[in-house]
(Lines give C-alpha, C1' and ligand atoms only; values in the text may rest on other atoms or scores of the structure.)
Protein backbone atom coordinates (compact mmCIF):
# COMPACT_ATOMS: atom_id res chain seq x y z
CA UNK A 1 0.00 0.00 0.00
CA UNK A 2 1.56 3.28 -1.14
CA UNK A 3 -1.05 5.57 0.44
CA UNK A 4 0.35 5.20 3.96
CA UNK A 5 3.71 6.73 3.07
CA UNK A 6 4.83 9.80 5.01
CA UNK A 7 4.59 12.76 2.64
CA UNK A 8 2.69 13.37 -0.60
CA UNK A 9 3.69 15.83 -3.31
CA UNK A 10 0.85 17.50 -5.20
CA UNK A 11 1.51 19.39 -8.42
CA UNK A 12 -1.08 21.51 -10.22
CA UNK A 13 -0.60 23.93 -13.09
CA UNK A 14 -2.96 26.85 -12.46
CA UNK A 15 -4.47 28.92 -9.69
CA UNK A 16 -7.99 27.44 -9.86
CA UNK A 17 -6.55 23.98 -9.24
CA UNK A 18 -4.32 25.24 -6.44
CA UNK A 19 -7.22 26.96 -4.66
CA UNK A 20 -9.31 23.80 -4.52
CA UNK A 21 -6.47 21.83 -2.91
CA UNK A 22 -5.48 24.67 -0.58
CA UNK A 23 -9.06 24.88 0.73
CA UNK A 24 -8.64 21.34 2.11
CA UNK A 25 -5.21 21.87 3.69
CA UNK A 26 -4.61 22.57 7.37
CA UNK A 27 -1.56 23.77 9.33
CA UNK A 28 -0.11 25.35 6.22
CA UNK A 29 3.37 26.79 5.96
CA UNK A 30 4.93 28.44 2.91
CA UNK A 31 8.48 27.79 1.79
CA UNK A 32 10.07 29.57 -1.16
CA UNK A 33 12.45 27.57 -3.37
CA UNK A 34 13.87 29.08 -6.56
CA UNK A 35 10.94 31.54 -6.63
CA UNK A 36 8.51 28.63 -6.42
CA UNK A 37 5.95 28.91 -3.61
CA UNK A 38 5.60 25.52 -1.95
CA UNK A 39 2.86 25.09 0.64
CA UNK A 40 3.30 22.39 3.31
CA UNK A 41 0.41 21.16 5.42
CA UNK A 42 -1.96 18.27 5.95
CA UNK A 43 -5.04 16.91 4.22
CA UNK A 44 -7.11 14.46 6.24
CA UNK A 45 -4.14 14.17 8.60
CA UNK A 46 -1.70 13.23 5.82
CA UNK A 47 1.40 15.38 5.25
CA UNK A 48 1.33 17.09 1.86
CA UNK A 49 3.35 19.58 -0.16
CA UNK A 50 1.52 21.60 -2.81
CA UNK A 51 2.99 23.56 -5.71
CA UNK A 52 1.46 25.47 -8.61
CA UNK A 53 3.99 24.83 -11.34
CA UNK A 54 2.68 27.06 -14.09
CA UNK A 55 1.67 25.86 -17.53
CA UNK A 56 3.83 23.68 -19.77
CA UNK A 57 6.35 20.86 -19.60
CA UNK A 58 9.40 22.86 -18.51
CA UNK A 59 7.55 24.55 -15.67
CA UNK A 60 6.12 21.22 -14.56
CA UNK A 61 9.48 19.44 -14.67
CA UNK A 62 11.15 22.28 -12.76
CA UNK A 63 8.54 22.12 -10.01
CA UNK A 64 8.73 18.34 -9.77
CA UNK A 65 12.51 18.25 -9.44
CA UNK A 66 12.53 21.06 -6.86
CA UNK A 67 9.88 19.22 -4.87
CA UNK A 68 11.86 15.98 -4.88
CA UNK A 69 15.10 17.74 -4.00
CA UNK A 70 13.84 19.91 -1.15
CA UNK A 71 10.83 18.15 0.40
CA UNK A 72 11.63 14.42 0.23
CA UNK A 73 8.10 13.44 -0.76
CA UNK A 74 7.36 9.74 -1.09
CA UNK A 75 5.36 10.10 -4.28
CA UNK A 76 3.89 12.77 -6.53
CA UNK A 77 0.31 13.25 -7.65
CA UNK A 78 -0.45 15.50 -10.61
CA UNK A 79 -4.00 16.89 -10.53
CA UNK A 80 -5.91 19.12 -12.90
CA UNK A 81 -8.04 19.70 -15.94
CA UNK A 82 -7.46 18.13 -19.34
CA UNK A 83 -8.94 18.09 -22.82
CA UNK A 84 -10.96 15.08 -23.90
CA UNK A 85 -9.66 13.01 -26.81
CA UNK A 86 -12.11 10.14 -26.28
CA UNK A 87 -15.59 10.77 -27.68
CA UNK A 88 -17.08 8.75 -24.82
CA UNK A 89 -15.71 11.18 -22.22
CA UNK A 90 -17.19 14.61 -21.47
CA UNK A 91 -16.67 17.59 -19.16
CA UNK A 92 -16.30 16.54 -15.54
CA UNK A 93 -15.41 12.91 -16.22
CA UNK A 94 -12.32 11.63 -14.40
CA UNK A 95 -9.28 9.83 -15.78
CA UNK A 96 -6.82 7.88 -13.65
CA UNK A 97 -3.63 7.90 -15.68
CA UNK A 98 -2.27 4.41 -16.10
CA UNK A 99 0.16 5.54 -18.80
CA UNK A 100 1.38 8.91 -20.05
CA UNK A 101 3.26 10.00 -23.16
CA UNK A 102 4.70 13.20 -24.63
CA UNK A 103 2.80 13.45 -27.91
CA UNK A 104 5.02 16.26 -29.23
CA UNK A 105 8.36 14.51 -28.58
CA UNK A 106 9.66 13.47 -32.01
CA UNK A 107 12.93 11.74 -32.85
CA UNK A 108 11.38 9.59 -35.55
CA UNK A 109 14.23 10.73 -37.83
CA UNK A 110 16.43 8.30 -35.88
CA UNK A 111 14.11 5.35 -36.31
CA UNK A 112 12.13 5.67 -33.08
CA UNK A 113 8.39 5.86 -32.70
CA UNK A 114 6.67 9.19 -32.06
CA UNK A 115 6.80 9.98 -28.34
CA UNK A 116 9.84 7.77 -27.68
CA UNK A 117 12.35 9.37 -25.26
CA UNK A 118 15.90 8.05 -25.08
CA UNK A 119 16.53 6.32 -21.76
CA UNK A 120 12.84 6.37 -20.90
CA UNK A 121 10.95 4.67 -23.71
CA UNK A 122 7.54 5.37 -25.23
CA UNK A 123 4.91 5.42 -22.51
CA UNK A 124 5.67 6.03 -18.84
CA UNK A 125 3.51 4.13 -16.37
CA UNK A 126 1.97 5.41 -13.17
CA UNK A 127 2.71 3.45 -10.02
CA UNK A 128 0.42 0.39 -10.24
CA UNK A 129 -0.34 0.36 -6.51
CA UNK A 130 -1.48 3.98 -6.67
CA UNK A 131 -3.58 3.28 -9.75
CA UNK A 132 -5.30 0.43 -7.94
CA UNK A 133 -5.81 2.43 -4.74
CA UNK A 134 -7.35 5.39 -6.56
CA UNK A 135 -9.53 3.04 -8.60
CA UNK A 136 -10.78 1.37 -5.41
CA UNK A 137 -11.53 4.73 -3.80
CA UNK A 138 -13.50 5.95 -6.80
CA UNK A 139 -15.54 2.78 -6.97
CA UNK A 140 -16.48 3.17 -3.30
CA UNK A 141 -17.51 6.81 -3.59
CA UNK A 142 -21.26 7.59 -3.47
CA UNK A 143 -23.22 7.46 -6.71
CA UNK A 144 -21.67 9.82 -9.24
CA UNK A 145 -23.04 11.67 -12.24
CA UNK A 146 -19.76 11.38 -14.13
CA UNK A 147 -17.63 8.65 -15.68
CA UNK A 148 -14.35 7.30 -14.32
CA UNK A 149 -11.78 5.64 -16.57
CA UNK A 150 -8.29 4.25 -16.16
CA UNK A 151 -6.59 5.50 -19.27
CA UNK A 152 -3.82 7.32 -21.09
CA UNK A 153 -2.77 10.97 -20.87
CA UNK A 154 -0.92 12.61 -23.78
CA UNK A 155 1.13 15.69 -22.92
CA UNK A 156 2.44 18.41 -25.20
CA UNK A 157 3.42 22.08 -25.14
CA UNK A 158 0.31 23.14 -27.02
CA UNK A 159 -3.25 23.93 -25.95
CA UNK A 160 -5.11 21.64 -28.31
CA UNK A 161 -8.00 23.50 -29.95
CA UNK A 162 -8.91 21.80 -33.22
CA UNK A 163 -10.79 18.55 -33.81
CA UNK A 164 -8.23 17.34 -36.35
CA UNK A 165 -5.44 17.67 -33.79
CA UNK A 166 -7.51 15.85 -31.16
CA UNK A 167 -8.24 13.03 -33.62
CA UNK A 168 -4.57 12.78 -34.63
CA UNK A 169 -3.34 12.42 -31.04
CA UNK A 170 -6.12 9.94 -30.25
CA UNK A 171 -5.33 7.81 -33.31
CA UNK A 172 -1.57 7.81 -32.74
CA UNK A 173 -1.47 7.07 -29.00
CA UNK A 174 -4.98 5.82 -28.12
CA UNK A 175 -4.94 8.54 -25.46
CA UNK A 176 -8.06 9.55 -23.56
CA UNK A 177 -7.09 13.11 -22.61
CA UNK A 178 -4.41 15.68 -23.38
CA UNK A 179 -2.70 18.20 -21.14
CA UNK A 180 0.48 20.28 -20.95
CA UNK A 181 2.27 18.99 -17.81
CA UNK A 182 1.57 15.39 -16.85
CA UNK A 183 4.18 13.44 -18.81
CA UNK A 184 6.95 15.90 -17.91
CA UNK A 185 6.27 15.31 -14.21
CA UNK A 186 6.12 11.56 -14.85
CA UNK A 187 9.50 11.67 -16.59
CA UNK A 188 11.13 13.49 -13.67
CA UNK A 189 9.66 10.95 -11.25
CA UNK A 190 10.82 8.08 -13.45
CA UNK A 191 14.37 9.40 -13.58
CA UNK A 192 14.35 9.90 -9.78
CA UNK A 193 12.77 6.48 -9.17
CA UNK A 194 9.80 8.01 -7.35
CA UNK A 195 6.19 6.78 -7.65
CA UNK A 196 3.86 8.96 -9.69
CA UNK A 197 0.20 9.14 -10.63
CA UNK A 198 -2.05 11.67 -12.34
CA UNK A 199 -5.74 12.31 -11.81
CA UNK A 200 -7.35 14.41 -14.53
CA UNK A 201 -10.87 15.76 -14.92
CA UNK A 202 -12.06 16.89 -18.32
CA UNK A 203 -12.42 20.65 -18.66
CA UNK A 204 -12.86 20.90 -22.43
CA UNK A 205 -13.22 19.02 -25.71
CA UNK A 206 -11.16 20.32 -28.65
CA UNK A 207 -13.71 21.52 -31.22
CA UNK A 208 -12.37 24.93 -32.12
CA UNK A 209 -14.07 26.70 -29.20
CA UNK A 210 -12.52 24.82 -26.31
CA UNK A 211 -10.68 27.86 -24.91
CA UNK A 212 -14.09 29.26 -23.99
CA UNK A 213 -15.28 25.90 -22.69
CA UNK A 214 -12.10 25.51 -20.65
CA UNK A 215 -12.64 28.86 -18.93
CA UNK A 216 -16.23 27.88 -18.12
CA UNK A 217 -15.41 24.41 -16.83
CA UNK A 218 -11.99 24.63 -15.18
CA UNK A 219 -13.54 25.25 -11.76
CA UNK A 220 -15.64 22.08 -12.03
CA UNK A 221 -12.67 20.01 -13.16
CA UNK A 222 -10.48 21.42 -10.38
CA UNK A 223 -13.08 20.72 -7.72
CA UNK A 224 -13.63 17.18 -8.97
CA UNK A 225 -9.90 16.39 -8.79
CA UNK A 226 -9.73 17.86 -5.27
CA UNK A 227 -12.69 15.75 -4.14
CA UNK A 228 -11.08 12.59 -5.49
CA UNK A 229 -7.84 13.41 -3.67
CA UNK A 230 -9.72 14.01 -0.42
CA UNK A 231 -11.50 10.66 -0.69
CA UNK A 232 -8.19 8.95 -1.38
CA UNK A 233 -6.58 10.44 1.71
CA UNK A 234 -9.44 9.75 4.11
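The values are calculated or read from the model by the stated rules, or taken from the named source; none is laboratory data. Everything numeric here is computed off the predicted structure, so don't read it as measured data. Cβ: placed from backbone, ideal geometry, glycine included. Neighbour counts: every protein chain shown.
Worth pointing out:
- Residue within segment 121-132 that is closer than 24 Å to residue 61 by Cβ, out of contact with any strand residue (DSSP E or B) (no Cβ under 7 Å at 6 or more places or on another chain) and without any contact (Cβ under 8 Å) to a residue 40 or more places away in the chain present: yes
- Apart from one condition, residue 47 fits all of (1) farther than 29 Å from residue 102 by Cα; (2) modelled with pLDDT of 95 or more; (3) in contact with a helix residue (DSSP H, G or I) (Cβ under 8 Å, 6 or more places away or on another chain); the exception is (3).
- Residue 160 vs. criteria in contact with a helix residue (DSSP H, G or I) (Cβ under 9 Å, 6 or more places away or on another chain), surrounded by 21 or more Cβ atoms within 10 Å (Cβ to Cβ), in contact (Cβ under 8 Å) with a residue 12 or more places away in the chain and over 14 Å from residue 198 (Cβ atoms): yes
- All positions within segment 15-65 that are free of Cβ contacts under 8 Å to residues at least 40 places away in the same chain, within 24 Å of residue 156 (Cα to Cα) and buried (at least 18 other Cβ atoms within 10 Å of the Cβ): 18, 62
- Conditions (1) surrounded by 14 or more Cβ atoms within 10 Å (Cβ to Cβ); (2) touching a residue at least 40 places away in the same chain (Cβ under 8 Å): number failed by residue 174: (2)
- Listed by position, the strands (runs of 3 or more DSSP E) enclosed by segment 129-234 that each have at least 1 residues that are more than 14 Å from the chain's Cα centre (by Cα) are 148-155, 196-204.
Conditions tested, residue by residue: (1) modelled with pLDDT of 90 or more; (2) within 19 Å of residue 145 (Cα to Cα); (3) surrounded by fewer than 22 Cβ atoms within 10 Å (Cβ to Cβ).
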{"residue": "184", "(1), (2), (3)": "yes, no, no"}
{"residue": "187", "(1), (2), (3)": "yes, no, no"}
{"residue": "190", "(1), (2), (3)": "yes, no, yes"}
{"residue": "194", "(1), (2), (3)": "yes, no, yes"}
{"residue": "205", "(1), (2), (3)": "no, yes, no"}
{"residue": "208", "(1), (2), (3)": "no, no, yes"}
{"residue": "215", "(1), (2), (3)": "no, no, yes"}
{"residue": "218", "(1), (2), (3)": "no, yes, yes"}
{"residue": "223", "(1), (2), (3)": "yes, yes, yes"}
